[in-house]
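**Student:** Structure in structure tokens, see below.
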Amino acid sequence: MLRNGLEPWHLLIVAIVVIVLFGSKKLPDTARSLGRSMRILKSEAKALKEEGGSSAAPAEQARPATPADAG
């Protein structure tokens, strides 16, 4: 059924539908907010990676045993 996958005219149709649905005035604001969200997500992921690599093992060793751990 989809032997050729996405061709350029498929992308053109999708772009036209997006412009009609959301309007050309809202698209720049939407793209701008998406870019900000992606930057925040990248910075948070980087911070978690840096924090997780250095403090994950000591945090587990420092945790006291509880009765729930025994069962």
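The values are calculated or read from the model by the stated rules, or taken from the named source; none is laboratory data. None of these values were measured; they are calculated from a predicted model. With ideal geometry, Cβ positions are generated from the backbone for all residues, glycine too; neighbour counts draw on all protein chains shown. Each accessible area value is taken on the protein alone, full model and side chains, heavy atoms only, with ligands, DNA and RNA left out. Shrake-Rupley method; radii C 1.70, N 1.55, O 1.52, S 1.80 Å.
**Student:** Give me the residue from segment 50-71 that is charged (D, E, K, R) and loosely packed, with under 10 Cβ neighbours inside 10 Å and, out of that set, modelled with the lowest pLDDT.
**Tutor:** Glu60
**Student:** Could I ask something else about it? I'd like to know if segment 21-35 contains one or more residues that are open to solvent by 100 Å² or more (accessible area, probe 1.4 Å), of a type in the set (Lys, Arg) and either assigned to a helix (DSSP H, G or I) or in contact with a Cys (Cβ under 7 Å, 6 or more places away or on another chain) (or both).
**Tutor:** Yes, segment 21-35 has at least one match.
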